[in-house]
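Values in this text are rule-based calculations from the coordinates and carry no lab data. Remember, predicted model here, so these are calculated numbers, not experimental data. We place every Cβ from the backbone using ideal geometry, glycine too, and count neighbours over all the protein chains shown.
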Amino acid sequence: MKRTYIQIDGVLYEKGSEPREPAAPMVMPDIPEYTSMIDGTRITSRSHHREHLRAHGCIEIGNEMPKHYDYKGIPDAAPQQRKELIRAQFDAMTHRQFKAALKADVDRVKWNSRKD
C-alpha cells in the first residue's frame, strides 16, 4: 500500500497522523467599514449592516440557493399571426438595421454549424 505524507512547518507526517489543531470555536471576524451604496452612510459592523439593509428594504444576495422555475415556454401564435408579426418587424426596420440583423443571423448559423 502506498503511503502519503503531508509537510507541515517543514516536518513530514504520514497522512492521518498529522497533529490536529486544538478544538476551539470558530469565530467570524467583523466586516470592515464601508460606505453604503444606498444612502452613503458609513457601515461599521455586521449588525449595523443587517439593520441598514432591513431599514431600506434590501436583501444581500450571493449566497442563497437559486430558485428554479418550471419553464412554461412561449405561447405559440397561429402561423399566420407569426408571419404578420415578422413582416411588421421587418417593415419597421431601416435598410441598415435589416442588413445588420441578416449578417448576425448568418454569422450565428456559420458559428453553430462549424465542424471541429
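Things to note:
- Summing Cβ point charges (Lys, Arg +1; Asp, Glu -1) relative to the Cα centre of segment 24-66 gives a dipole of roughly 80 debye.
- Neighbour counts of other Cβ atoms within 10 Å put 51, 21 in the fewest-to-most order 21, 51.
- Amide H contacts for residue 31 (H built 1.01 Å from N in the peptide plane; partners 5 or more residues away or on another chain; cut-off under 5 Å): 46.
- Approximating the spin labels as points 7 Å out from Cα along Cα→Cβ, the residue 2-to-residue 36 distance works out to 5.7 nm.
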